[in-house]
Amino acid sequence: MTTNIPTLDESIERMKQEIIEDIKSGQVSADCPSFSALHDYVDANCYGGFCEDDVMQALSEHYGGGDENEGMPDELMDYLNKAQNSIDRWIKAGGIKQIDIDKRDRSEA
């Protein structure tokens, strides 16, 4: 089975959805102030499927592969950093707080 290579935007959207699910389940606090603070609750590096072997293998091959001595390709590191930085900006701009508000609004209805 071939895994599709997600675009950066697709990875970011998947990360947001997974964070939203974790907030709604109570696994992550709605008061979480940044991407790095997500690590207090979960392995935030796994958001976006980045801990799934098939996803990471496909991304690694797409970005030039690597070997046991070189580690992850630089372009893949840039991709992951861009995704995480985007999520950090989203959280700091109130993305998580908006989820909490939406959740309360539905429960009061």
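Below is a table of values for the structure above.
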quantity	calculated
Condition met for Asp88 (acidic (Asp, Glu), farther than 22 Å from Ile23 by Cα and in a helix (DSSP H, G or I))	no
Among the candidates Ala37, Ala83, residue that is at pLDDT 95 or above, in contact with a Ser or Thr (Cβ under 7 Å, 6 or more places away or on another chain), under 20 Å from Glu18 (Cα atoms) and not acidic (Asp, Glu)	Ala83
Counted residues, the range 27-46 - those being acidic (Asp, Glu) and outside any loop (DSSP other than H, G, I, E, B)	1
Within the range 47-74, tally of residues that are surrounded by fewer than 13 Cβ atoms within 10 Å (Cβ to Cβ) and part of a helix (DSSP H, G or I)	4
Single residue of the range 1-22 satisfying the filter (surrounded by fewer than 16 Cβ atoms within 10 Å (Cβ to Cβ) and not β-branched (Val, Ile, Thr)) that is modelled with the lowest pLDDT	Met1
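The values are calculated or read from the model by the stated rules, or taken from the named source; none is laboratory data. What you see is a predicted model; the values in this text were computed from it and never measured. Here the Cβ is made from the backbone with ideal geometry for all residues, glycine too, and neighbour counts use every protein chain on show.
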